[in-house]
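J.: The structure under discussion is supplied below as structure tokens; questions concerning it will follow.
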Amino acid sequence: MRLRSTLSGSVEAVAPENGRIGVYVCGVTPYTESHIGHAMSLLVYGVLIRYLRWRHPGVEIRYVSNYTDVDDKIIERALELGRDPASLAQQNIDLWEAQQAALGILAPDVRPRVTTEIDAIVAAIGRIIENGHAYAVPGAGVYFRVRSLPGYGKLSHRPLDEMRAGTREEPGHGKEFPLDFALWKAAKPGEPTWPSPWGPGRPGWHIECSAMAQRYLGASFSVHGGGTDLVFPHHENEIAQAEAVTGPGSFARLWMHNGMVLRDGEKMSKSLGNVVSVAEALDRWTPDALRLFVLSKHYRQPTNLTDEAMAAAQRGVDRLQQALAEEPAREGSPPPEAASARARFVEAMDDDLNTAQALAVLFDLARAINRSREVGDHGSAARATLRELASVLGLALPADAHADLSRISGAELSEIASRFDVAAAEADAADVVEALLAQRQAARAERDFALSDAIRDALSEAGIEVQDGPQGARWSVRG
RNA sequence: GGCCACGUGGCCAAGUGGUAAGGCAGGGGUCUGCAAAACCCUUAUCGCGGGUUCGAUUCCCGCCGUGGCCUCCA
């Protein structure tokens, strides 16, 4: 497959390095709970990995994504809350991992953290100093010597002198040059510290990623990803650090960046108060709807989260689910669309992860299945293809997606049951619904449509939709 | 101010030098006791102005607009 690389600006083939395809993606700094933008990012890279594994079954795909669990913000936040930075980070990581699982986001093979990789980081800094690309400033720490590296700025495509313009001097830190950045920060009172040849302290921001990426993927690897907001300075600095250790041209072959999630047209930010947390998203929308929303546009484009867009995404998911719903019928010849679907899907995904086009293949497949069902064919081959391709995109499309009654009011259901003289003693809400439907079916058999419609309306008001089909009535919880 | 993207039907969103996927919404129809779902039909010349070309939405220039980065950020 091919991906557009931020480094070269062109579309390049994803190729194995050192016998495998290694992918490193910048994870979160767990100083607070994660938001929908973090989820969108990892969701996309998870799809990339799923696709690579599906497309290249014989190739090892190693997926590494980190946690920067020591950093200014974590320390600052912990201080505000009067608690230990480590436990704060751990709490947010635990929450985030549970949420990722709920969202169906593929877990990385390795999730390194700064606090458990200090040895690798210290070793990397040592090499950078040895190679003349960094210098220690007593009492301040270690700085990377940006001007010593000729290629600095090649990722963000900005010459060094141009970047200098917007930079403010930081007096008192002993920097040789304003753009030099910290590899190691000398210990301050009350902060977590580790010993080092340059005195106690902690790693600066960028070094952890290059050190951990090279530790788990080697000096050079296939793909490095992250949000487009990380291009500068984070990824630029990662390249500089890595090349200062392993030489020019090492490190990631291809740099991939995803666009930002906007909320109602604006970037999510604390000051605007428009941050949508993962918790809120999970509460309001289904994982598949969020996934469909994210994948319905190209990963590099910014994506605007609106209630309308999410409603549309949910309806789209319903449509795919509907096509997969089992209904007994005879097996017929598979619709012709099924044969070409796989090829079209691969073509789309190979071309810079064009998930929007890939989704179109799924929807075409859904239509083909529904059409064949109209003429009495089961279409199971096409169904299996749809399910397989959907799973590559991480769409769960669970058969029981709309059977979850946990959000339906039990009291309301009991009230409806008693209103229609149905025994509501059943502990299981589903049994109550089934009993009501049986009552309704009896009414329909007697052509008492007033009663049957009243039951349907009552259930609908409670959030349960009833549909009559050839095999009887089916119910589903409104999304 | 500098750098980089983007501007496609009511909304969301792919895409191509030779008049444009898919989803949502709307309209008409089939099916249904009625609905719902599903199926069929139906809605676009691609921000504006130039240029290159036999031909541009697709390439180039300018303008307008939106977003991102340039400081922490997925």
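J.: Which residues, taken from the stretch A:107-129, are surrounded by fewer than 19 Cβ atoms within 10 Å (Cβ to Cβ) and touching a Gly at 6+ places or on another chain (Cβ under 9 Å)?
T.: A:Ala107, A:Arg111
J.: Then there is this: Sort out for me the helices (runs of 4 or more DSSP H) sitting completely within the stretch A:393-479 that have 1 or more residues that are at pLDDT 90 or above.
T.: Here the list reads A:429-445, A:449-461.
J.: Right, something else. Find all pairs meeting these conditions: Cβ atoms under 7 angstrom apart; at least six residues apart or on different chains; first residue within the stretch A:437-463 and on the phi > 0 side of the Ramachandran plot; second residue assigned to a loop (DSSP other than H, G, I, E, B).
T.: A:Gly463/A:Ile408; A:Gly463/A:Arg478
J.: Can I ask one more? What tally of residues in the stretch A:288-309 results from selecting those that are more than 10 Å from RNA strand B (Cβ to nearest atom) and at pLDDT below 95?
T.: Adding up the residues that qualify gives 1.
J.: Restricting the search to the stretch A:183-196, which residues are under 17 Å from A:Asp119 (Cα atoms) and out of contact with any strand residue (DSSP E or B) (no Cβ under 8 Å at 6 or more places or on another chain)?
T.: A:Pro195
J.: For residues in the stretch A:177-198 being more than 16 Å from RNA strand B (Cβ to nearest atom) and not in a loop (DSSP other than H, G, I, E, B), which is farthest from the chain's Cα centre (by Cα)?
T.: A:Ala186
J.: Then there's this: Is one or more of the residues making up the stretch A:234-252 under 15 Å from the mean Cα position of the chain (by Cα) and of a type outside the set (Phe, Trp, Tyr)?
T.: No - not one qualifying residue is present in the stretch A:234-252.
J.: With (1) free of Cβ contacts under 8 Å to residues at least 24 places away in the same chain; (2) under 22 Å from A:Pro178 (Cα atoms) as the list, and A:Lys270 as the residue in question, which single condition is left unmet?
T.: All conditions are met except number (2).
J.: So, A:Ala339, is that one of a type in the set (A, V, I, L, M, F, W, C), outside the structural domain of A:Arg20 (by TED's automatic domain parsing) and free of Cβ contacts under 8 Å to residues at least 60 places away in the same chain or not?
T.: yes
J.: Here is a follow-up. For the list (1) near RNA strand B (Cβ under 9 Å from one of its atoms); (2) closer than 29 Å to A:Arg315 by Cα, I need the number of the one condition that A:Ala429 fails.
T.: Among (1) near RNA strand B (Cβ under 9 Å from one of its atoms); (2) closer than 29 Å to A:Arg315 by Cα, the lone unmet condition for A:Ala429 is (1).
J.: Here is a follow-up. Name the single residue, out of those in the stretch A:323-347 being near RNA strand B (Cβ under 10 Å from one of its atoms) and at pLDDT 90 or above, that is farthest from A:Met1 (Cα to Cα).
T.: A:Ala323
J.: So, one more: Name every residue in the stretch A:270-321 that is in contact with a Ser or Thr (Cβ under 6 Å, 6 or more places away or on another chain) and either assigned to a helix (DSSP H, G or I) or at positive phi (or both), in order of residue number.
T.: A:Val278, A:Leu295
Matching residues to (1) of a type in the set (Val, Ile, Thr); (2) within 10 Å of RNA strand B (Cβ to nearest atom):
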{"site": "A:Arg2", "(1), (2)": "no, no"}
{"site": "A:Asn18", "(1), (2)": "no, no"}
{"site": "A:Val25", "(1), (2)": "yes, yes"}
{"site": "A:Thr32", "(1), (2)": "yes, yes"}
{"site": "A:Val44", "(1), (2)": "yes, yes"}
{"site": "A:Val47", "(1), (2)": "yes, no"}
{"site": "A:Asp69", "(1), (2)": "no, no"}
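J.: Run A:Pro398 past the list (1) within 13 Å of RNA strand B (Cβ to nearest atom); (2) surrounded by fewer than 16 Cβ atoms within 10 Å (Cβ to Cβ); (3) within 25 Å of A:Leu106 (Cβ to Cβ) and report the number of the one that doesn't hold.
T.: (1)
J.: While we're looking at this one, here's another question. Is the stretch A:433-445 home to any residue that is farther than 30 Å from A:Gln100 by Cβ, more than 16 Å from RNA strand B (Cβ to nearest atom) and of a type in the set (Val, Ile, Thr)?
T.: No, the stretch A:433-445 has no match at all.
J.: Does A:Arg367 meet the test of being closer than 30 Å to A:Gln301 by Cβ, crowded, with 17+ Cβ neighbours inside 10 Å and either modelled with pLDDT under 75 or charged (D, E, K, R) (or both)?
T.: No.
The values are calculated or read from the model by the stated rules, or taken from the named source; none is laboratory data. None of these values were measured; they are calculated from a predicted model. Positions of Cβ are backbone-derived with ideal geometry, glycine not excepted, and every protein chain shown enters the neighbour counts.
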